[in-house]
Amino acid sequence: MSGTLSAALAAYGFMLGSWARGALSRYEALVASNSWGIFHPSWDFPPGHPGRYCDNPAHPFNVQMGTVTRAGIDVLFAAGNCGAPCADGRCQGRTTGAIMGASAVQAVLTIAGCDTNDLRVGYSSQGPSIPNMYPQKPDVTSYTHFLGSEVFGARSPDSGTSAACPVAAGCVAALRTSKKIAPRGALPPAKLFDALRKTARPQPAGHHGWNGDYGFGIIDPLAAANALHI
């Protein structure tokens with residue numbers, strides 16, 4: 001995990017530095033999709049250690065997420081695969097407070113997973129987040145468990161919230177193609193993410209508002225586009 005975080009810190013540091021130097025000026029927007037996370041707190045430093053990541057809002061990478069989004073970069077994170085009743089074995093049976101680290105940072109858009117019938121997949125991590133982090137995660141739900149790349153074998157679905165996150169990132173990127181919101185200062189990520197939360201489709205049970213299974217609902221980029229008048 002320390003290697004993953006070191007690489008992530010370096011990658012986002014490079015991204016910010018490149019943007020500041022104008023090296024990314026040919027891009028009107030930048031969307032960062034993150035299909036990685038921590039499965040169990042035992043993967044991390046013990047509580048109280050200064051390097052602990054999973055429930056530490058002051059960890060350098062968690063702080064960096066706020067810096068990156070304020071710079072105008074749209075950052076999305078997978079919620080994780082530690083949901084009840086079908087948690088990944090690496091979760092060690094732990095299904096509460098399973099959204100951790102950067103996935104539980106308020107500034108990012110955290111993505112749960114549903115199937116193509118709009119039903120939550122049983123492994124999609126549920127909120128609220130781990131204590132000490134922003135509790136209302138996930139933000140919205142996107143699609144997973146569909147036949148796509150077949151990278152895991154013929155007729156094997158793309159699965160996990162790791163698949164749902166890039167689907168949502170594609171929706172964000174599609175919205176950013178509009179000249180009205182593409183420039184970095186035209187619509188900050190916080191406002192775009194707020195529009196996606198407000199326009200998300202209600203869960204199958206018809207619930208409105210946030211809940212730990214679906215967040216604010218299933219992502220609806222067309223509704224968001226209409227709300228943003230693009």
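Within the stretch 44-82, how many residues are assigned to a helix (DSSP H, G or I) and surrounded by fewer than 17 Cβ atoms within 10 Å (Cβ to Cβ)? Steps first, answer last, please.
Step one: list which residues in the stretch 44-82 are assigned to a helix (DSSP H, G or I), which gives 60-70.
From what's left, surrounded by fewer than 17 Cβ atoms within 10 Å (Cβ to Cβ): 60, 63, 66-67, 70.
Of the residues in the stretch 44-82, 5 are assigned to a helix (DSSP H, G or I) and surrounded by fewer than 17 Cβ atoms within 10 Å (Cβ to Cβ).
Kindly list the number of the only condition in (1) modelled with pLDDT of 95 or more; (2) among the hydrophobic types (A, V, I, L, M, F, W, C); (3) more than 22 Å from PRO188 (Cβ to Cβ); (4) out of contact with any Lys or Arg (no Cβ under 6 Å at 6 or more places or on another chain) that fails for LEU147.
(1)
Please name all residue pairs, on different chains or six or more residues apart, with Cβ atoms under 9 Å, provided the first residue is in the stretch 31-43 and is within 13 Å of CYS82 (Cα to Cα) and the second residue is modelled with pLDDT under 95 and of a type in the set (A, V, I, L, M, F, W, C).
TRP36/ALA8; ILE38/MET1
Restricting to the stretch 146-165, name every residue that is surrounded by fewer than 21 Cβ atoms within 10 Å (Cβ to Cβ) and closer than 20 Å to PRO85 by Cβ.
So the first thing to find is which residues in the stretch 146-165 are surrounded by fewer than 21 Cβ atoms within 10 Å (Cβ to Cβ), and the list is 146-160, 162.
Scanning the stretch 146-165 gives PRO157, SER159, GLY160, SER162.
Scan the stretch 88-141 for residues that are surrounded by fewer than 18 Cβ atoms within 10 Å (Cβ to Cβ), touching a His at 6+ places or on another chain (Cβ under 6 Å) and not charged (D, E, K, R) and jot them down.
Correct list: GLN92 only.
In this structure, does GLY72 turn out to be among the small types (Gly, Ala, Ser), touching a Lys or Arg at 6+ places or on another chain (Cβ under 9 Å) and at positive phi?
Working: among the small types (Gly, Ala, Ser): yes; touching a Lys or Arg at 6+ places or on another chain (Cβ under 9 Å): yes; at positive phi: yes.
Yes: the conditions hold for GLY72.
Just one of ALA205, ALA186 is more than 17 Å from GLY127 (Cβ to Cβ) and either among the acidic types (Asp, Glu) or in a loop (DSSP other than H, G, I, E, B) (or both); which is it? Outline the logic, then answer.
On the way: ALA205 fails: more than 17 Å from GLY127 (Cβ to Cβ).
Result of the check over ALA205, ALA186: ALA186.
The values are calculated or read from the model by the stated rules, or taken from the named source; none is laboratory data. For clarity, every value in this text was computed on a predicted model and none was experimentally measured. Glycine also receives a Cβ, built like all others from the backbone with ideal geometry; neighbour counts cover every protein chain displayed.
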